[in-house]
Amino acid sequence: MQASQIPVKAAPAAQDAASSDKIVVAAKPRIDCIDGCRFALVLPIIIGHFIKFGTSNPALLKLLTQENVLVGGFFSISGYVTAYVSTNIGERSYSVKKLANPELFFWQKVMSYYPLHFVVSTAFAPMFILIDRWVKNSWSTTALHGFLNYSLLQAWFPSKAEIWNPPTWFLSALTFANLVTPTCVLPQISELSKNGLQKLKTGMYSISLLQKFSYSQAWKFYCRGGYRERPANPYLWNVTRFHPFANLLEIVDGMAAARMVMLDTGRDKERAAGRNPLWLFLASYATLALRITKFNFNDAMIRSLLFMPLYTKFLMTIHRDCTSENPKLITRFFGSRIMTWLGSLAFPMFLLHGPIGQLFYKKSVATRLWGKVMPKPFFPIYLFIVMMASHIMNEHFVKNKSVQQLSARVSSMLAERVKGMLRDEPSKRTRSLQSLCLNDILKGA
């Protein structure tokens with residue numbers, strides 16, 4: 001694993017010696033096992049979206065149509081990785097290099113996923129537009145759908161969150177989180193002690209659960225399964241699962257989790273030694289099995305009450321195990337070359353599976369192309385097509401140096417255009433006072 005030292009800006013509280021234990025300051029290794037975890041999330045999400053075309057077994061349909069639970073894991077990983085790469089190990093501080101220019105931070109984040117979103121949207125735009133017209137949408141409505149899709153604003157509109165390529169609502173919510181992260185979120189989180197981080201996690205968990213409890217009280221706490229029973233008020237459901245503020249809570253929880261591991265003392269590392277991430281991984285995914293028991297809570301309750309706390313704890317445990325001298329088998333498995341490769345396909349698969357699925361399974365499209373909706377035995381072939389298409393896009397577009405260089409140039413240009421949007425430049429008077437203070441300090445030295 002490669003290690004890198006990042007320039008830092010110490011927070012005022014960084015010198016706090018609340019514990020007799022010394023915080024271990026180390027180089028920042030790459031956590032390959034987190035990449036592998038992405039594939040374990042995206043595959044059941046893809047299956048969940050189209051499994052009704054692959055089986056008629058009621059138990060399997062109940063078990064496998066809980067993609068709205070699993071997507072929370074992606075938000076947690078997004079926050080976890082952002083905090084890990086943008087703050088400092090062993091210090092209550094953030095990286096100046098990463099956050100000095102918040103506008104550039106925002107646009108670099110957006111441009112890490114927008115090019116593929118743009119290409120997929122444009123490639124399948126004829127199909128999306130035709131579907132809009134076939135359901136008698138006006139041209140103005142179709143144009144609105146196109147605007148929301150390309151501007152990544154759809155998550156803010158409950159009735160439009162799943163237009164065109166439905167899974168891209170995730171990018172819409174993530175874009176808002178990236179907007180507030182470099183100024184309003186991450187600098188403050190980076191200054192918290194472990195005690196403060198734990199309280200922050202408890203607060204985020206409680207607010208998120210309150211929102212899901214409110215939704216459940218308005219509808220029902222138990223659900224026969226999304227494949228059989230649709231919410232009585234779909235717009236309320238969309239606000240509950242799609243709203244950017246709600247998803248920001250899960251991202252912040254992931255950030256706080258990463259920071260807690262990064263502030264581990266020697267004693268913390270000793271206590272964590274020997275803990276196997278496997279049990280937390282199995283426990284988090286086992287919450288999905290509640291759907292086939294009498295405790296068949298709706299997706300919202302399973303996600304916030306059980307899955308997210310267990311999955312975030314799993315990320316913390318596998319992170320600690322990854323940096324230990326003898327990682328457990330599950331850690332080595334998720335960090336293996338094959339799982340790292342599959343993890344790199346997670347994002348292309350997430351964007352491509354919806355449009356490809358519409359080609360084969362959306363009745364208005366499939367009957368015109370193939371004369372019928374594809375039969376159930378075709379489902380494994382559909383999954384194979386998604387994986388192969390994702391591999392091609394990953395190797396020849398996502399990893400393409402020209403695309404990466406263009407994305408970097410666009411990020412810099414847009415950051416320059418909106419400079420001051422997220423952190424205004426100090427006034428001349430403030431700069432003068434800062435200069436005087438600096439001169440006084442230098443004279444005193």
Handout entry: Pairs with Cβ under 7 Å, 6+ apart, first in segment 400-421 and within 11 Å of Trp107 (Cα to Cα) and open to solvent by less than 40 Å² (accessible area, probe 1.4 Å), second of a type outside the set (Lys, Arg) and part of a loop (DSSP other than H, G, I, E, B)
Key = Ala415/Asn101
Exercise for the section: Scan Lys372, Lys362, Lys376 and give me the residue that is open to solvent by 30 Å² or more (accessible area, probe 1.4 Å) and under 19 Å from Ser121 (Cβ atoms). Expected result: Lys362
Problem - Count of residues meeting criterion [open to solvent by 10 Å² or more (accessible area, probe 1.4 Å) and in a helix (DSSP H, G or I)] in segment 81-91 - result: 4
Fill in the blank from the handout: The one condition Pro158 fails out of (1) part of a helix (DSSP H, G or I); (2) at pLDDT below 95 is (1)
Exercise for the section: Of the conditions (1) under 22 Å from Leu248 (Cβ atoms); (2) assigned to a helix (DSSP H, G or I), Tyr94 clears all except one; give me its number. Expected result: (2)
Fill in the blank from the handout: Within segment 282-332, of all residues that are of a type in the set (A, V, I, L, M, F, W, C) and not in a helix (DSSP H, G or I), the one farthest from Met255 (Cα to Cα) is Phe295
Handout entry: All positions within segment 288-308 that are over 20 Å from the mean Cα position of the chain (by Cα), crowded, with 22+ Cβ neighbours inside 10 Å and of a type in the set (Val, Ile, Thr)
Key = none
Exercise for the section: Restricting attention to helices (runs of 4 or more DSSP H) lying wholly within segment 172-249, give those where 3 or more residues are modelled with pLDDT under 90 and surrounded by 15 or more Cβ atoms within 10 Å (Cβ to Cβ). Expected result: 194-218, 234-242
Handout entry: Members of segment 317-347 that are within 16 Å of the chain's Cα centre (by Cα) and crowded, with 21+ Cβ neighbours inside 10 Å
Key = Gly343, Leu345, Ala346, Phe347
Practice task
Take the residues in segment 379-391 that are among the aromatic types (Phe, Trp, Tyr) and buried (at least 16 other Cβ atoms within 10 Å of the Cβ), then tell me which one is nearest to Phe53 (Cα to Cα).
Solution key: Phe379
Handout entry: Some residue of segment 134-151 being part of a helix (DSSP H, G or I), in contact with a helix residue (DSSP H, G or I) (Cβ under 8 Å, 6 or more places away or on another chain), open to solvent by 10 Å² or more (accessible area, probe 1.4 Å) and of a type in the set (A, V, I, L, M)
Key = no
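The values are calculated or read from the model by the stated rules, or taken from the named source; none is laboratory data. Keep in mind that what you see is a predicted model, and the values were worked out from it rather than measured. FYI the Cβ positions are ideal-geometry reconstructions off the backbone, even for glycines, and counts take in every protein chain you see. These accessible areas exclude ligands, DNA and RNA; they are computed on the full protein's heavy atoms, side chains included. Shrake-Rupley method; radii C 1.70, N 1.55, O 1.52, S 1.80 Å.
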